[in-house]
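Structure record follows, encoded as C-alpha cells.
The values are calculated or read from the model by the stated rules, or taken from the named source; none is laboratory data. This structure is a prediction, so every number in the text was calculated from the model and none was measured. All Cβ positions, even for glycine, are placed from backbone atoms using ideal geometry, and neighbour counts span all protein chains on display.
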Amino acid sequence: MADKIATREAYGAALAEFGAKYENLVVLDADLAGATKTGVFAKAFPERFFDCGIAEGDMVTVAAGLSTTGLIPFASSFAMFLAGRAFEQIRNSVGYPHLNVKLGATHGGITVGEDGATHQCLEDFALMRTIPGMTVICPCDAVETRAAVEAAILHDGPVYLRFGRAATPVLFNKENYEFKLGKGIEIADGDDAAIIACGVMVDVALSARELLKSEGINARVIDMHTIKPIDEELVLKCAKETGAIVTAEEHNVIGGLGEAVCGVLSEKLPTPVLRVGTEDTFGRSGKVAPLMEMYGLTPQNIAEKVKAAIALKK
Amino acid sequence: MDTARVDQLKKIANGVRKDIVTQVYSASSGHPGGSLSIADVLTYLYFEKMNVKADDPKWEDRDRFVLSKGHASPALYAVLAAKGFFPKEELVKFRNIESFLQGHPDMKHTPGVDMSSGSLGMGISAACGMALGAKHQGKAYRVYSILGDGEIAEGQVWEAAMFSAHYKLDNLCVFVDRNGLQIDGETKKVMNSDPLDEKFAAFGWNVQVINGHDFDQIDKAIANAEACKGKPSVIIMDTVKGKGVSFMENNAGWHGAAPNAEQYAQAMADLAAND
C-alpha cells in the first residue's frame with residue numbers, strides 16, 4: 001500500500017508490455033512522449049511509434065486512418081489538448097465512424113500542479129461522454145491502469161482513457177485484480193452512504209471513509225473506473241442499500257461522473273446525490289496537495305458531503 | 001492515353017454529372033458545383049486507376065480514396081454506383097431519411113466509402129493514416145484524396161502536409177480541386193491561398209498543376225506521382241465549378257443549392273448535349 005506510482009507511468013509501462021503481446025498495437029504522440037510516458041513504448045518498439053509533432057488534431061485523424069488498416073492506434077497527449085483541442089476530430093473522425101482508436105490522455109485534472117489552468121483539464125469527461133459510442137475510463141491506480149489498457153485493446157471501438165500526472169497510492173494487488181469494462185468495484189463496504197469515485201479521488205474517498213468511521217458513519221466506497229457506460233446496476237444497488245450518494249472526481253462537477261450518477265438515479269431511483277469536484281472554476285498553479293485543498297478535493301470535504309447527503313434521506 | 005479510352009471516360013464522367021444533378025434535384029439540397037468540378041478525376045480514379053472490388057468493398061489490399069471535401073458526396077456516390085458498389089436506384093434517395101446516402105460520406109453504411117468525411121481538413125489526415133498503415137504493414141496499395149481549394153484554409157491540412165512529407169508517404173496522392181470559388185465567393189477574396197504550388201513545394205511535396213478536366217493530363221500527373229519516391233504528391237487541378245451545366249459554371253451560388261424543376265430540365269439538356 002505504501003507504493004506510489006502515477007497512472008501515466010503505469011500507462012507507458014502497459015503499452016510497452018502489451019506491445020509484445022499485440023503486434024498490431026501502434027502508438028502516436030504529439031511531442032509529449034516524455035511526459036505521457038508513451039516514450040517507454042517508443043523505446044521498446046521504435047518502428048511502431050509515430051511522433052506527430054505538436055498537431056493533436058492531425059494526430060487523432062491519422063490514428064483514425066491507421067485504424068481502418070487493421071492497426072490498433074493509441075493516440076496520446078495531455079487531456080486538455082486531446083479531449084479539448086482535438087474534440088471535433090475525435091467526434092467526427094473517430095466517434096462518428098466508431099473507429100477502433102484509443103485515446104490515452106495523461107495529465108488530467110488539477111493534479112497537473114504547477115503548469116496551471118491552461119494545462120489542467122477539468123472538462124474531458126463531459127466532452128467525451130457526449131460522443132455516442134465512446135467508452136470513458138479513469139483508472140484509480142497503477143494496477144487498474146494496466147488492466148484498463150488491455151481492456152481497451154480488446155474492446156472494438158473508441159476508448160478514452162484518462163491518467164494522472166502525480167504519483168498516487170497503489171490500491172490494488174495485481175495478482176487478484178480483475179477489470180471489467182463498465183463494471184465498478186466496491187472497494188470498501190458500508191451501509192450509511194456510498195461514495196462513488198474515480199481516478200485519484202478513490203484514494204481520497206477511502207480516507208474520507210476513515211474520518212467518517214470515527215464518527216460512527218459507515219460509508220461504502222465505489223471505484224467507478226468506467227464513467228461511460230456507467231454501471232447502472234451498481235449505482236442503483238448503492239442507492240437502494242444506502243439511500244445517500246456522494247460522487248467524487250477530479251473534474252468540474254458539471255458533466256462528469258457526478259452527473260452520470262445523477263442521470264441514472266433521477267430517472268430510475270431518485271436518491272440524494274451530492275457531488276464533489278471542482279465547482280465550475282478553472283484551476284491555478286501550485287503544488288498538488290494545496291491545490292487539492294483549495295478546490296475541495298479532500299477527505300474532509302467528502303466526509304462533510306456524506307453527512308449532508310445522509311441528512312437529506314427521507 | 002488512347003483516344004478511344006478517353007472518349008469512354010468522358011462518356012462515363014458525363015453520366016456521373018447527370019447523376020450528380022439528379023441526386024441534388026431529388027434531395028432538393030446538396031452541393032452540385034464542387035461535385036461537378038471533380039467528376040472527371042473521380043471517374044478516372046475509379047474506372048482507370050484504383051484497384052478496388054465492387055463486390056468486396058472492404059478488401060484489405062484495395063486502393064483507398066478519401067473525399068476530404070465531403071460535401072461533394074454526390075460525385076462520389078455517382079461514381080460508386082456506376083462502378084457497381086450499390087444499385088444506381090439508390091441515388092435518388094440521396095439525403096433521404098431512409099437512405100444510406102448521407103449528406104456527407106458515411107463509411108459505416110455506404111459500400112465503397114473508405115472514410116467518413118465532411119468536416120473540412122480532416123480527410124487528408126485520415127488519408128495520411130491509411131498511407132502510413134500501408135507502409136507499416138508492407139502493403140502496396142495507394143491512397144488518394146481530394147481537397148477543396150477553400151478547404152486549404154483549414155490548419156489541419158498543413159499539419160497533415162507536414163506529417164506526410166515527414167513520413168515520406170509516397171503512396172499518397174492528393175488532389176486539390178482549384179475551382180476558385182467557395183461559399184462566400186472567390187477563394188482569392190475569401191482567403192487567398194496563392195501561391196498554392198509553392199506552399200506545397202515548401203512543405204516537401206511533389207507538386208503538379210494540371211487542367212482537372214483533361215484526362216490525358218490527369219493520367220500523366222498520376223503516373224508522375226506514382227513514379228515519385230520519398231515524398232507525397234499533390235496534383236493541383238484547375239477546374240470549373242459547376243462544369244457541364246451552363247448556368248452553374250463559375251457561379252458560387254451553386255455551391256450548395258438545388259435546381260428547381262425547370263433548372264433541372266435545363267441542366268440535363270446541357271449534359272445530354274455532351275453525350
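Among residues of the stretch B:199-210 that are on the phi > 0 side of the Ramachandran plot, those with a beta-carbon under 6 Å from a residue that is assigned to a helix (DSSP H, G or I) at least six positions away or on a different chain give the pairs B:204/B:165.
With respect to residue B:150, is the statement that it is within 21 Å of the chain's Cα centre (by Cα) and at pLDDT 95 or above true? In short, yes. Of all residues in the stretch A:134-155, one or more are more than 14 Å from chain B (Cβ to nearest Cβ), more than 30 Å from residue B:70 (Cα to Cα) and free of Cβ contacts under 8 Å to residues at least 24 places away in the same chain.
Find the strands (runs of 3 or more DSSP E) located wholly in the stretch B:128-216 whose residues include 2 or more that are touching a Ser or Thr at 6+ places or on another chain (Cβ under 6 Å), and list them.
Details: elements: B:143-148, B:172-178, B:206-211.
Of the strands (runs of 3 or more DSSP E) lying wholly inside the stretch B:128-216, those with at least 2 residues that are touching a Ser or Thr at 6+ places or on another chain (Cβ under 6 Å) span B:143-148, B:172-178.
Annotation note: Cβ proximity below 7 Å between a residue of the stretch B:50-71 that is basic (Lys, Arg) and a residue that is part of a loop (DSSP other than H, G, I, E, B) and surrounded by 24 or more Cβ atoms within 10 Å (Cβ to Cβ) (sequence gap 6+ or interchain) occurs for B:64/B:114. If I filter the stretch A:291-311 for residues that are assigned to a helix (DSSP H, G or I), farther than 17 Å from residue A:194 by Cα and in contact (Cβ under 8 Å) with a residue 60 or more places away in the chain, do I get at least one hit? Checking the stretch A:291-311: at least one residue is assigned to a helix (DSSP H, G or I), farther than 17 Å from residue A:194 by Cα and in contact (Cβ under 8 Å) with a residue 60 or more places away in the chain.
Of the residues B:15, B:30, B:112, B:103, the single one that is small (Gly, Ala, Ser) and assigned to a helix (DSSP H, G or I) is B:15.
Between A:17, A:23, which is more than 9 Å from every other protein chain (Cβ to nearest Cβ), on the phi < 0 side of the Ramachandran plot and touching a residue at least 40 places away in the same chain (Cβ under 8 Å)?
Working: A:23 fails: touching a residue at least 40 places away in the same chain (Cβ under 8 Å).
Residue meeting the stated conditions: A:17.
Pick from the stretch B:136-172 the residues that are over 21 Å from residue B:184 (Cα atoms) and of a type in the set (S, T, N, Q): which of them is nearest to the other protein chains (Cβ to nearest Cβ)? Here the answer is B:137. A count restricted to the stretch B:33-78 and to residues that are away from chain A (no Cβ under 14 Å) and part of a helix (DSSP H, G or I) stands at 22. When the stretch A:274-290 is limited to residues that are of a type in the set (Ser, Thr, Tyr) and assigned to a loop (DSSP other than H, G, I, E, B), the one that is farthest from residue A:116 (Cα to Cα) turns out to be A:281.
Per-residue answers, yes or no, for (1) in contact with a Cys (Cβ under 7 Å, 6 or more places away or on another chain); (2) surrounded by fewer than 22 Cβ atoms within 10 Å (Cβ to Cβ):
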site	(1), (2)
A:273	yes, no
A:276	no, no
A:282	no, yes
A:301	no, yes
A:308	no, yes
A:314	no, yes
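Looking only at the stretch B:119-135, filter to residues that are surrounded by fewer than 24 Cβ atoms within 10 Å (Cβ to Cβ) and more than 7 Å from chain A (Cβ to nearest Cβ); which one of those is farthest from residue A:65 (Cα to Cα)? Once the filter is applied, the top-ranked residue is B:120.
Condition (residue is touching a Lys or Arg at 6+ places or on another chain (Cβ under 7 Å), part of a helix (DSSP H, G or I), within 14 Å of chain B (Cβ to nearest Cβ) and among the charged types (D, E, K, R)) applied to the stretch A:36-55: is it met by at least one residue? First the steps, then the outcome.
Of the residues in the stretch A:36-55, the ones touching a Lys or Arg at 6+ places or on another chain (Cβ under 7 Å) are A:36-37.
Checking which are part of a helix (DSSP H, G or I) leaves us with A:36.
Within this subset, residues satisfying the condition of being within 14 Å of chain B (Cβ to nearest Cβ) are none.
No, the stretch A:36-55 contains no residue that is touching a Lys or Arg at 6+ places or on another chain (Cβ under 7 Å), part of a helix (DSSP H, G or I), within 14 Å of chain B (Cβ to nearest Cβ) and among the charged types (D, E, K, R).
Among residues of the stretch B:87-118 being farther than 19 Å from residue B:40 by Cα, within 14 Å of chain A (Cβ to nearest Cβ) and aliphatic (A, V, I, L, M), the one that is surrounded by the most Cβ atoms within 10 Å (Cβ to Cβ) is B:115.
Answer yes or no as to whether residue A:69 is surrounded by fewer than 24 Cβ atoms within 10 Å (Cβ to Cβ), within 14 Å of chain B (Cβ to nearest Cβ), over 18 Å from the mean Cα position of the chain (by Cα) and not in a strand (DSSP E or B). Yes, satisfied. Residues that are in a helix (DSSP H, G or I), touching a helix residue (DSSP H, G or I) at 6+ places or on another chain (Cβ under 8 Å) and either among the β-branched types (Val, Ile, Thr) or away from chain B (no Cβ under 13 Å) (or both) do occur in the stretch A:91-106, at least one of them. Among the residues of the stretch B:207-218, are any over 30 Å from residue A:50 (Cα atoms), among the polar types (S, T, N, Q) and surrounded by 23 or more Cβ atoms within 10 Å (Cβ to Cβ)? For the stretch B:207-218, residues over 30 Å from residue A:50 (Cα atoms), among the polar types (S, T, N, Q) and surrounded by 23 or more Cβ atoms within 10 Å (Cβ to Cβ): absent. If you go through the stretch A:231-258, how many residues are among the charged types (D, E, K, R), free of Cβ contacts under 8 Å to residues at least 40 places away in the same chain and under 24 Å from residue A:179 (Cβ atoms)? Final tally of qualifying residues: 3.
Is it true that some residue in the stretch A:233-251 is under 30 Å from residue A:115 (Cα atoms), acidic (Asp, Glu), under 21 Å from the mean Cα position of the chain (by Cα) and not assigned by TED's automatic domain parsing to the domain that holds residue A:116? Yes, that holds for at least one residue. Residue A:82 falls short on exactly one of the conditions (1) within 14 Å of chain B (Cβ to nearest Cβ); (2) touching a Gly at 6+ places or on another chain (Cβ under 9 Å), and that condition is (1). Every test in (1) under 30 Å from residue B:257 (Cα atoms); (2) in contact with a helix residue (DSSP H, G or I) (Cβ under 9 Å, 6 or more places away or on another chain); (3) more than 14 Å from chain A (Cβ to nearest Cβ) is passed by residue B:84 save one, and that test is (2).
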